[in-house]
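I have a structure I would like to understand better, so I am pasting it below and will then ask my questions one at a time.
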Amino acid sequence: MSNSLNQPLLEALLDSWDRNNTILVNLLRALPEGGLDVKPMDSSPSIAQLFTHIHYVRLVFITEDAPEFGKDLPDTEWLAEPDPARIAQMLNDSAAAVRAAVKGRLEAGRAMNLHYDHPILFLQHMLWHEGYHHGQIKLALKLAGRPITDDQAGPLTWSVWMRKK
C-alpha cells in the first residue's frame with residue numbers, strides 16, 4: 001500500500017461514513033413509540049436488536065482487522081436495548097472507532113489484518129451492511145403497520161446524503 005494519500009479523497013470517504021452514521025441515528029430517533037420492539041416475524045430480531053447488531057459488527061471487525069483501534073466488545077451481539085439514547089451513543093461510539101481505524105490504517109499505509117485487502121473495503125462493507133439493515137428496519141415497521149413515510153424519511157436520510165457543505 002502506498003503511503004501517499006489524497007487528503008481531499010480521504011476526507012470525502014470519511015464524510016460519507018459520518019453521514020451514514022447520522023442517517024442511522026436519525027432513523028433510530030424517527031421510530032414511532034414502541035418501534036424498538038417491532039419484529040417482522042416472531043423468529044426475527046427486533047429493531048433494537050438490529051441496531052445493536054450493527055454496533056457489535058463494527059467493533060468485532062475493528063478488533064479483528066485493526067486491533068489498535070479496538071474497543072471493548074459488548075457481551076451480547078443482539079441486545080434488545082430499550083433506551084434509544086443508549087443505542088444512539090453506542091452507534092456514535094462505534095462509528096468513531098470505524099472512522100479512526102480506517103483513517104489510521106490509511107495514514108500508516110497499512111492493510112487490514114484479516115478480512116480486507118484495503119481499509120476502504122472495510123468501510124464499504126460497513127456501509128453496505130448498514131444499508132441492508134436500514135432497509136430491514138423500514139420494512140419491519142411497514143409490515144407492523146407503523147411505516148416511516150417518505151416525507152418523514154427524506155430529510156433524515158436522502159437529504160443527509162445529498163447535502164452540500
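Can you bin segment 56-102 into rounded, prolate or oblate? Criterion: square roots of the alpha carbon gyration tensor eigenvalues sorted a ≥ b ≥ c, rounded for a/c under 1.5, prolate for a/b above b/c, oblate for the rest.
Verdict is oblate for segment 56-102.
If we count every other residue with Cβ under 15 angstrom of His134's Cβ, Lys/Arg +1 and Asp/Glu -1, where does the sum land?
Net charge in that neighbourhood comes out at +3.
How far is helix 119-143 tilted, in degrees, relative to the longest principal axis of the Cα atoms in the chain, given as a value from 0 to 90 rounded to the nearest 10?
Roughly 0 degrees, rounded to the nearest 10.
Hey, another quick one. Name the residue, out of Leu91, Leu73, Leu114, whose mean-square fluctuation peaks in a Gaussian network model built on the chain with Cα pairs under 10 Å.
Among Leu91, Leu73, Leu114, the largest mean-square fluctuation in the Gaussian network model of the chain belongs to Leu114.
What do you get for chymotrypsin sites (Phe, Trp or Tyr not before Pro) in segment 33-92 restricted to DSSP loop and a cutoff of at most 16 other Cβ within 10 Å of the site's Cβ?
Sparse-neighbourhood loop chymotrypsin sites (Phe, Trp or Tyr not before Pro): Trp78.
Please determine, in degrees from 0 to 90 and to the nearest 10, the orientation of helix 47-65 with respect to the longest principal axis defined by the Cα atoms of the chain, where the helix direction is its Cα long axis.
Once rounded, the angle reads 10 degrees.
Let me know the shape class of segment 16-164, please: from the alpha-carbon gyration tensor, a ≥ b ≥ c as square roots of the eigenvalues, rounded when a/c is under 1.5, otherwise prolate if a/b is greater than b/c, or oblate.
prolate
Let me have the relative contact order for the chain, percent, based on Cα pairs under 8 Å that are six or more residues apart.
Computed over the chain, the figure is 32 percent.
Okay, next question. Return the loop-located GluC sites (Glu not before Pro) in segment 1-93 (DSSP other than H, G, I, E, B) with at most 12 other Cβ atoms within 10 Å of their own Cβ; answer none if there are none.
Glu33
Next up: Classify segment 106-160 as rounded, prolate or oblate, taking a ≥ b ≥ c as the square roots of the eigenvalues of its Cα gyration tensor: rounded when a/c is under 1.5, otherwise prolate if a/b is larger than b/c and oblate if not.
Judged from the Cα gyration tensor, segment 106-160 comes out oblate (a/c at least 1.5, b/c at or above a/b).
OK, next. Between Ala66, Ala95, Ala144, which gets the highest mean-square fluctuation from a Gaussian network model of the chain, Cα cutoff 10 Å?
Answer for the Gaussian network model of the chain: Ala144.
Sorted by accessible area (1.4 Å probe), largest first, how do Ile120, Ile23 line up?
Output order, biggest surface exposure first: Ile120, Ile23.
Taking only Cα atoms, what is the 0 to 90° angle, nearest 10, from helix 7-30's long axis to the longest principal axis of the chain?
Taking Cα atoms only, the helix is inclined about 20 degrees.
Nearest 20 debye, what's the magnitude of the dipole of the chain about its Cα centre given +1 on Lys and Arg Cβ and -1 on Asp and Glu Cβ?
Around 520 debye, computed over the chain.
The values are calculated or read from the model by the stated rules, or taken from the named source; none is laboratory data. None of these values were measured; they are calculated from a predicted model. Here Cβ is always computed from backbone atoms with ideal geometry, including for glycine, and neighbour counts include all displayed protein chains. Areas reflect the complete protein model, heavy atoms only, side chains present, ligands, DNA and RNA absent. Shrake-Rupley method; radii C 1.70, N 1.55, O 1.52, S 1.80 Å.
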